[in-house]
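**Q** Would you mind keeping the following structure in view while I ask a few things?
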Amino acid sequence: MPTIDLSTLENCFENQSVKDVFGSLYHSLGFITAVASAPEKVPAKEWMPQLCLNNEAGMDIEDSELAKTLSQGFVKWWHTCDLAFEHSHPLELPAALKLTAEGKPEIELVEFSTGYLDAYRWLSGSWQQLLPEENEQASRSVALLNIILAKFIDEEKIAREEPELAGQLPNMQDCLSSMPKLISAVGMLGKDLAQEQSAVHTSNDSDSSKIEPYINEQKSVGRNDPCICGSGKKFKKCCLH
């Protein structure tokens, strides 16, 4: 799969007005990755405002060219993720998602993980509705990815609140190594669920579009019978004329 050059987006985020609107580039990239993974197609006009620190204000950037470049860059990253998941290819994540020499997550990795989980929570209703309860393997993949991302954000909190689960997780380096595979697996799962849902809708639409034979309800109604419209009048003095 072709990779996207993030240098243009990185240059945009050197502008303070962009930081004021979006906060962090890698939070935005994580959010978009999770949106592309969702079991439903979410249009850009819905997810892009969610990237902003102030959702109601939206992309309040005076420089129209800068705003256009940002929008195009975000959509390109979404398209990169979407294509990878759609065609079952591994997604190549940004090189900045790594650990420090001490084995701690770099700030870009923390921000990306936070953005991904923010989008997952935003779209959690779709996952809960469309992910079959009996598909335990898929549920475990989603849960494992989420807990690993949460570990990148705050390892001590996970150890404190979920000690048994935290004890079962691999070390930080192994978590990082498994993250691309898990993100790709969850993205592919989302595409499969979306296709299944689309097939159901297509089948329902097909059933509802079947032409029913015409039935003349007036055929068995006599002139002096009550009118079928429910008016209480005789048919000959009501709908017959």
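**Q** Glu56: under 26 Å from Trp127 (Cα atoms), at pLDDT 90 or above, open to solvent by 40 Å² or more (accessible area, probe 1.4 Å) and among the charged types (D, E, K, R), yes or no?
**A** So Glu56 fails the test.
**Q** Here is a further query. Any chance you could count how many residues in the stretch 34-63 are within 20 Å of Gly23 (Cα to Cα) and assigned to a loop (DSSP other than H, G, I, E, B)?
**A** 13
**Q** Continuing with the same structure: Can you name the number of the only condition in (1) within 15 Å of Thr80 (Cβ to Cβ); (2) at pLDDT 95 or above that His27 fails?
**A** For His27, the failing item is (1).
**Q** Within the stretch 22-65, which residues are aliphatic (A, V, I, L, M) and over 19 Å from the mean Cα position of the chain (by Cα)?
**A** Scanning the stretch 22-65 gives Ala57, Met59, Ile61.
**Q** Please report, ordered by residue number, the helices (runs of 4 or more DSSP H) entirely within the stretch 120-202 with at least 3 residues that are of a type outside the set (Lys, Arg) and surrounded by 13 or more Cβ atoms within 10 Å (Cβ to Cβ).
**A** Helices (runs of 4 or more DSSP H) meeting the threshold: 124-130, 136-153, 155-161.
**Q** Still on this structure, I have one more. Look at the stretch 1-51 and say how many of its residues are touching a residue at least 40 places away in the same chain (Cβ under 8 Å) and among the charged types (D, E, K, R).
**A** Of the residues in that region, 2 qualify.
Let's see how each residue does on (1) of a type in the set (D, E, K, R); (2) within 24 Å of Asp192 (Cα to Cα); (3) in a helix (DSSP H, G or I); (4) open to solvent by less than 30 Å² (accessible area, probe 1.4 Å):
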| site | (1), (2), (3), (4) |
| --- | --- |
| Gly73 | no, no, yes, yes |
| Cys81 | no, yes, yes, yes |
| Ser88 | no, yes, no, no |
| Ala96 | no, no, no, yes |
| Ala101 | no, no, no, no |
| Glu108 | yes, no, yes, no |
| Ser113 | no, yes, yes, yes |
| Tyr116 | no, yes, yes, yes |
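The values are calculated or read from the model by the stated rules, or taken from the named source; none is laboratory data. From a predicted model like this one, the values you see are computed outputs, not experimental measurements. With ideal geometry, Cβ positions are generated from the backbone for all residues, glycine too; neighbour counts draw on all protein chains shown. Calculation scope for accessible area: heavy atoms of the full protein, side chains included, ligands and nucleic acids excluded. Shrake-Rupley method; radii C 1.70, N 1.55, O 1.52, S 1.80 Å.
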